[in-house]
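Notes to accompany the following structure.
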Amino acid sequence: MSTIRVIREGGRAWRPLVDPPGAIPSGGAEADAFATAGGSFTTGFWEREPDAWSFVRPYDEVALILSGVADIETDDGEVHTVRGGDVLITPKGSAGTWRITETIVKFYAIFSEG
């Protein structure tokens, strides 16, 4: 894509999460913003209501938390609390548990090797 674009709040084109993880289960949505040819680098928006679930990252992700609050507990027991304005870095292979306490919205950038 060689065209410069601006995505405004109302233009995110949210769609419901497909098979969202979690114990409750809770609602959520996502919206794609950009992807390279082949999809090794993608960006978008993600929203999730309070819930908890375990994860193992199959890719590298950097996310700007736009709003909400969540605790991310690593497998070794360290707890990272994130809220609006924080940058969350989850490298490939990282694992733990997400616990969202206030509906969270993030802008993410994901890199997946071939």
Neighbourhood net charge (15 Å Cβ-Cβ; Lys/Arg +1, Asp/Glu -1) for V69: -3
Spin-label pair A37/A13, simplified geometry with 7 Å Cα→Cβ offset, distance in nm: 2.0
Relative contact order of the chain, pairs being alpha-carbon contacts under 8 Å that are 6 or more residues apart, as %: 29
Environment charge at S112 (Cβ cut-off 11 Å; Lys +1, Arg +1, Asp -1, Glu -1): -1
Carbon/sulfur fraction of accessible area - the chain, other protein chains in place, 1.4 Å, %: 55
Per-pair calculated FRET efficiency, R0 = 30 Å: T3 and V79 via Cβ, rounded to 0.05: 0.10
Charge sum, other residues only, whose C-beta stays under 15 Å from G96's C-beta, Lys/Arg counted +1 and Asp/Glu -1: -4
Average accessible surface area per residue within the range 42-105, 1.4 Å rolling probe, Å²: 49
Over the range 40-79: Kirkwood hydrodynamic radius from C-alpha pairwise inverse distances, Å: 12.6
Measure of compaction for the chain (Cα Rg per 2.2 N^0.38 Å): 1.07
Relative contact order of the range 56-114, defined on C-alpha pairs under 8 angstrom at six or more residues apart (%): 50
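The values are calculated or read from the model by the stated rules, or taken from the named source; none is laboratory data. Keep in mind that what you see is a predicted model, and the values were worked out from it rather than measured. Here the Cβ is made from the backbone with ideal geometry for all residues, glycine too, and neighbour counts use every protein chain on show. SASA here: full protein model, heavy atoms, side chains in, ligands and nucleic acids out. Shrake-Rupley method; radii C 1.70, N 1.55, O 1.52, S 1.80 Å.
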